[in-house]
Structures are given as structure tokens and as C-alpha cells.
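Note sheet for the following structure.
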Amino acid sequence: MIRLTEISKTFDEGHSYAVRDLSLEVRDGETLVLLGSSGCGKTTTLKMVNGLVEPTSGTVCVDGRNVTEHDVLSLRRAIGYVFQGIGLFPHMTIDQNVAIVPRLLGWPPGRRTVRAQEMLSLVELDPATYGRRCPRDLSGGEQQRVGVARALAADPAYLLMDEPFGALDAITRNALQQELLRIKRELGKTIVFVTHDIFEALTLADRIAVMHQGRLEQVGTKREILAEPATGFVKDLFSKPKAQLELLAAQ
Amino acid sequence: MIVRCDKPSTAAWLLSRLLLAGVCCAALTSTVSAADVVRIGSKNFTEQEILGELVAQLIERHTDLRVERKFGLGGTGVCHAALVTGELDIYVEYTGTALLNVLKTDPLSDRDEVFRIVAKAYREQFDLQWLPPMGFNNTYAITVRAGHADEHGWQTIGDLADVAGQLSAGFTAEFMERPDGYPGLRRAYGFDFGQTADLDPGLMYQALADGQVDVICAFATDGRIAAYKLKVLHDDRSFFPPYDAAPVIRHALLHDHPEIRHVLAVLAGTIDDRTMRRLNHTVDELKSTPAKVARDWIESRGAGSPHRTSGRADVTIDGTVSIWAMVAARRAELWQKVFEHFGLTALAMVIAILIGVPTGILIHRHRAAAPLVLSATEIMQTIPSLAMLAFLFAVYGILGATPAVTALVLYALLPIVVNTFTGLKELSPEIIEAADGVGMSGGQRLWMVELPLALPIIVAGIRTSTVWTVGIATLSTYIGAGGLGDFISRGLARNDPRLTLLGAVPAAVMAVILSLAIRLVERHLRQA
């Protein structure tokens, strides 16, 4: 379980807050989507979970322990992270990229290779075809599949995903969303997923946390949020595409 | 800036092999300092090399000692300091030079008295022994074109007093500064020349003959005075002290090998002004070599049959052969110099990389230190090469590869440090964040991500440095570190463009080849 307790983050010594007094719980096995427009603090919140950003105040607990008590490197290796800009290492092959965390964890090379191939198969890339290629030889969708494979390689309990499909075309994005749902069913990971796309949130989420200007507006299941928006902001956010949303929510 | 994901390992291997080859070269050509080696020095003009060869060949012929030649050193200061620190064992010095420049006493004109004073002071102050003078007096000679002198009726230096302001003088760098050079001359005669230019000793005779200057500080024993129809003006105020040439030798060596005194006795009083002028002329104008001239002189004296010949390649008679014939005749020596040069360059580059890359990394990590460190390396770069060499020689107190390589390293640092810093600074923040996000430590991020990605830029910096270093390494000759600069400086000293080219062309070719090789490594690293 991940628990954020009254966390705040300022990058300019208190003149403005990227995240303010945010409390949130991510339950084991659920997919929690942080939804909000750009600059609302959702990515900053995500980065505070694995120590890429340190909260100015408040506490972040992973598995019941404050993040500051964890060895930050071990913590990061134990949490899969899929980056917004994909973030594959351009000088490493696909195999090497996927096996990076196992390598950092000191797995023997043979086991790493086997694992990389399993992971590529999991994200539906043929290991024999893709394993030895360079990231730049892959399409954006293929690269982000590799990004997901890399995040899953060391079998982490948690997966943090920072707008991973934001830069992809609609068809590819949809395919990858379905892939993610399948993987989640197969592996049962706890996922925190950041997006500004309402449809993506509704597609993937067990629960949605809506953020606005650094604050948490509402957290709840899709049905709760659609049926009983807690604030004017949440209501406005979902009102325009409402007809379609109700259709989707009914599924 | 993108790196091919499947290439860095092979490229790094190539680069490391290239550098390894260089270090091997450096190791092979580095001088061995064994106990039975006698190191003989000379300054950087023809007469000094001939005298150095005479001493060297006599010792080679008549003793079992191994001789190491460190010729063409950049001036009295370098030679004397090297002798005092034991970097050299013997070189031929002139009494007047010792009196005024080393001991810094007042000028005297009596030859015997000067020798006595100098010999005593050297023994007491430096533990150095003067052997008996060879006979000739290589005084500075204020020299003009014979035709010019006839035209104005000049006989003495004093005759120039009224016209000096309209004359341009070409003096050696050493003469410009020595108390028995231009500064003393101005005081003694009370006039200044209108213009003065620092000239290489090998070039000033030609410059005078061609009318580019009107007055030079010739050496009295130089064969070119007669050959170029020049006239030595009489020193009517007896300003110049006597300059009797004699071998100066470390007392410790003489103590261990007393036979050297006997072997060199053949030089005492046997070379008069005319003989020395002829020997110089044979090298400078007839294009023989110091080694050949020295050998002929020794054999003409019947000074014993050789029981060992010189191990040196420089016994060729250059004569007036074409440059191609010269290359053919000196092939072995040329290769040796090429290896020395490559060795100096590669050793300097390895050290510069080992210092420069970590420095670039450090100032990338501690950004506040970057401006300071970058300015420091930039300032280093603006120090003139010869000044740097002279300074480092003074710091180390030894000749040869150590100060030379140090100088080269200091010059090579800037592009390496700058490119390492820039290469790291300009990496995409997304990649850095990904490295942190997957849980790399600072060191892992550096080795696994930052350095491999910055490598093409770092290698480009190494390439720039390497090209500079090949060029600057030609100056190492002035502190006896060898390399292709030996040919260049000898060519200048003897006014022989063929010799200069023999050094300059291979150096340029080496720079081009290394540049291309490193560019290949770069291309290998970079994606098209």
C-alpha cells in the first residue's frame, strides 16, 4: 500500500505550491489514476512516491514505511516506473534496456536475458526480432511497450506510469491501454497512472483522483465521481463529454 | 547527440588500442638511466653539436661507457641546470659565458685569468670540473656585410655609434638578454640600434647577407662569416670577454671513470679558431653532419682506431643530395624520431585524458567550480610553449620526457575538460531522469548512461587535443625530449630546409593520420 499524508511540495521556497496538503491512499492491487490538466501537480505527486522528488512537508509511506526510511535506490528498483518521454537509453539495445533493473539488482547475465525475453513477449514484441535492436529503430508505440517491459522486469509490486501513452496516436494508445489492462489482469500489480485524458482515466482506473492546482479535488470510483462530483471543478471536467462517459461507465 | 546502442564497446576498444600503442612507443623510446651511461649535452647550434659529437665519439671509442646524446638543448640555462642536477654529465661550455651568465661576475679580458676563476668557482659551487680549453675563442662578433662596411669605412664597433639609430640588428634570443650581450654592449658603447629582432642562431647569417638586417651577433668561429662575405668589427673597447671552449664534466663521473679525463685530453689546445671555423663551415655550408665532421677530425688526428663505432644513425653525409636521398639515408633515424614523437604525444594524451575527463565530470557535478576550472585551463593554453617548457624544466630540474610531457598535458587539457563538461551538460534531462528513476546510483548513472552518451563529444575533444599535441611536441627538442622537433631545430640551426622538412612533414602527416583515426572512432560512435 502507498499512503500519502498531507504532502506539500514547493519549488520556490513557498511562493507557490506544486502540490498542497494532499492525502491519498493507493490500495494493493488497484489502478489509481491521477487525473488533471498540465501543471496540476500530478506528475510531482507521482515522483514523490519513489523519491525522485522530495516532499517539502508531509509523509509518503510505501508498504507501511516512510520513504525516507527506505534506501532510495532499493526503493526505486522495487517500483516500476514508465516515463512520460519513454526514457529508453539510446545507447543500449532493447534487451539491455529491459534488463536494466535486474542488472542493477545484480542478476546474473543469463537470467537477465531470459527475463528480458519474457518481458518482451509479455508486451507482445517478438524477442528474437526486437531484442538486439536500438530504441531509435522502433516506432513510438513499440518504444513505449519496451518502456512497460522495462518497468516490469524486476517484478515490482508497484508500477508508476507518468502519462506513458500521451505522445502516441489514438489507435496505438488504445491498443496499449488494452495491453495494460491485460497485463494488470495477468500480473495483478498496483498501478498509479498519471493522465490528463478523461477517457484514458475511465478506461484504466479502478479509482480516480482528480487534481487541480496542486490540490486533490476528489477521489473515488468512476461511478462515484460521475454520479456525485464533489466540487464544481470535477463536475465541469466531466460534464462536457457526459453522454459518452455515461455510455463508457455503463460497461 | 545520439550514440549507436551497439557500438561503444568496439569504439572504446579501438581508442584504447591506439593509446596503448602510444604508451608502448613511449616506454620503448624512453631513456634508460643506467649507471654506465654518460649523458652528453649540447646547446642548439652547429658548433655545439660538433663539440658534443667529439666528446661523445671519443668516449665511445676509448671506453666501454654507453653514451646518450641530449643535443640541441635550448640555451646555457638549460644545459647548466641539467649538469648541476645530474641530468647531464658533460657538455662543452665557454669561459666567458660561464663567468657572466652562470657566475654572474664582472667581465674580465684575460683568457687565463677567466679560465682560472671559472674553473675554481665551478669546482667549489657546483662540484663540476672544467677540462683544459680546446684552443679556440668563440667570442661574439658584431658583424656586418663586408660591402656595407667598405662603403662606410667601418672597422670597429665604435664606428657604428653615429649611424646605429638607422641600423637594424638581428640578435639571438640569448644575446638579447645576456649581460655580455646587447644590454652590456649598449652600456659599453653607449648606443642603441634602431631596430632589433630576435633571430634563430642558424638563420641570422642568411638574414644579414640578404639585407634583412644590418648587424648580427655572429659567433667568431662560424664558417658562414667568410662564406657570406661578412665582416667582423673589432671590439675596440674590449667589451666581450674571452670565450674559450672546454668540456665541463660532473666531478662524480670523473671520480668513477677517471679514464674520461685521459680520453678527452686529445681535445686540449688542439682546435684553433681556423679549425673550428672549418668544421662549422663543413656542416653549415657543405651540408655534412656534426657526427661525420667529428669522426673525420678524430681520425685525422690519428686518435686511435675505433674499437666501437657510434651506435647512432646520424653519421650520414648529407652533402647536397636531394631531400629524397636524405630521407633514404636517414630512414632508421627518421623512424626512431617518429616513434619518439608518437610516444610523447600518446603518453601526454593518456595522462591528459586521465586528468581531463574526471575534471570535466567533477565540474559537471559541482557546477560552481566550473568557471574557475575552465578559466584556469584556458589560461594554461595562452602560455607560450617555449616559456612553458623552460618553466617546467626549471620546476623539475630535469631534461627530457618528464617536463615535455607535462607541458603537453597542460596544453591538451582544455578541449578534453571542456568537451567532457559540455557533453555531460547537454544530455537530455529525460534520460537522466530515467536513469535515476530505474534506481541507478550516481556512479552507475555516470558509467552506464552519462559517459557512454557523452563519449562522441569527449572523443571530439580528444581529437582536437591530439592534433595540437603533435604540433607542440616538436618543441620538446629544446629540453632534450627528442621527437621530430630534433630535425626541425637542427634544420634551423644549420639553415638546412631539407632537415626542417624531414621533421615538419612527418609531424604534419602524423597529426592528419591521428585526426582521421580518431574521427573514425567518432563516426563509429555517432549515428549518421
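What follows is calculated from the coordinates using simple rules that are stated; it is not laboratory data. Since we're looking at a predicted model, the values are computed, not measured. So basically every Cβ, Gly included, is an ideal-geometry build from the backbone, and we count neighbours across all protein chains shown.
Mean partner shielding of peptide B:446-457, defined as the number of other chain Cβ atoms within 10 Å of each residue Cβ, is 2.
Could you tell me what fraction of 2.2 N^0.38 Å the Cα radius of gyration of the stretch B:101-186 comes to, as a two-decimal ratio?
It is 1.41.
Here is the tail figure for the stretch B:403-528: Cα pairs spaced more than 20 Å apart come to 57 percent of all pairs. Principal-axis analysis of the Cα atoms of chain B puts helix B:385-396 at an angle of about 90° to the longest axis. The H on the amide N of B:Ala218, modeled in the peptide plane, is under 5 Å from the matching H of B:Ala141, B:Thr143, each at least 5 residues off or on a different chain. The HN-Hα couplings worked out from phi for the stretch A:71-88 by the Karplus form 6.51 cos²θ - 1.76 cosθ + 1.60 (θ = phi - 60°) are 6, 4, 5, 5, 4, 5, 5, 8, 10, x, 9, 10, 8, 4, x, 6, x, 6 Hz, whole numbers, x standing for Gly and Pro.
For the stretch B:140-232, a simple Cβ point-charge model (Lys and Arg +1, Asp and Glu -1, everything else neutral) yields a dipole of about 160 debye relative to the Cα centre.
Here the alpha carbons of the stretch A:98-246 define both size measures, Rg and Dmax, at 17.8, 55 Å.
Comparing B:Val505, A:Val210, B:Ala81 along the charge dipole axis of the protein assembly as shown, the residue lying farthest to the positive side is A:Val210, per the Cβ-charge model.
Left without a cysteine partner by the 4.7 Å Cβ rule in chain A: A:Cys40, A:Cys61. Projecting the Cα atoms of B:Pro183, B:Ala226, B:Leu167 onto the charge dipole of the stretch B:140-232 (Cβ charges, centred on the Cα centre) puts B:Ala226 farthest toward the positive pole.
Please report, in debye to the nearest 20, how large the charge dipole of the stretch B:91-182 is about its Cα centre when each Lys and Arg carries +1 at its beta carbon and each Asp and Glu carries -1 there.
Dipole of the stretch B:91-182, to the nearest 20 debye: 260 debye.
Near A:Val19, the amide H atoms lying under 5 Å from its own belong to A:Lys9; only residues 5 or more places off or on other chains count, and H is placed 1.01 Å from N. Given in Å, the Rg to one decimal and the Dmax to the nearest whole number for the Cα atoms of the stretch B:140-232 are 11.9, 31.
Partner shielding of A:70-83 amounts to 3, given as the average count of beta-carbon atoms from other chains within 10 Å of each residue beta-carbon. Of all the C-alpha pairs in chain A, what % are more than 25 Å from each other? Summing the P(r) tail past 25 Å for chain A gives 44 percent. Placing +1 on the Cβ of each Lys and Arg and -1 on the Cβ of each Asp and Glu in the protein assembly as shown, which of B:Leu446, A:Ala99, B:Gly400 has its Cα farthest towards the positive end of the resulting dipole? Towards the positive end, the residue furthest out is A:Ala99. With only Cα atoms counted, the stretch A:110-167 has Rg and Dmax values of 11.4, 34 Å.
Counted over all Cα-Cα pairs of the stretch B:176-298, pairs farther apart than 24 Å make up 44 percent. The phi-based Karplus calculation (6.51 cos²θ - 1.76 cosθ + 1.60; θ = phi - 60°) puts the 3J(HN,Hα) values of the stretch B:213-230 at 10, 9, 9, 9, 9, 5, 9, 4, 8, 7, x, 6, 4, 6, 4, 9, 6, 10 Hz, whole numbers, x for Gly and Pro. Taking 1.002 mPa s as the viscosity and 20 °C as the temperature, the Stokes-Einstein diffusion coefficient of chain B based on its alpha-carbon Kirkwood radius rounds to 84 µm²/s. For the protein assembly as shown, what D do you get in µm² per second when you plug the Kirkwood radius from alpha-carbon pairs into Stokes-Einstein at 10 °C and 1.306 mPa s? My calculation gives 49 µm²/s for D.
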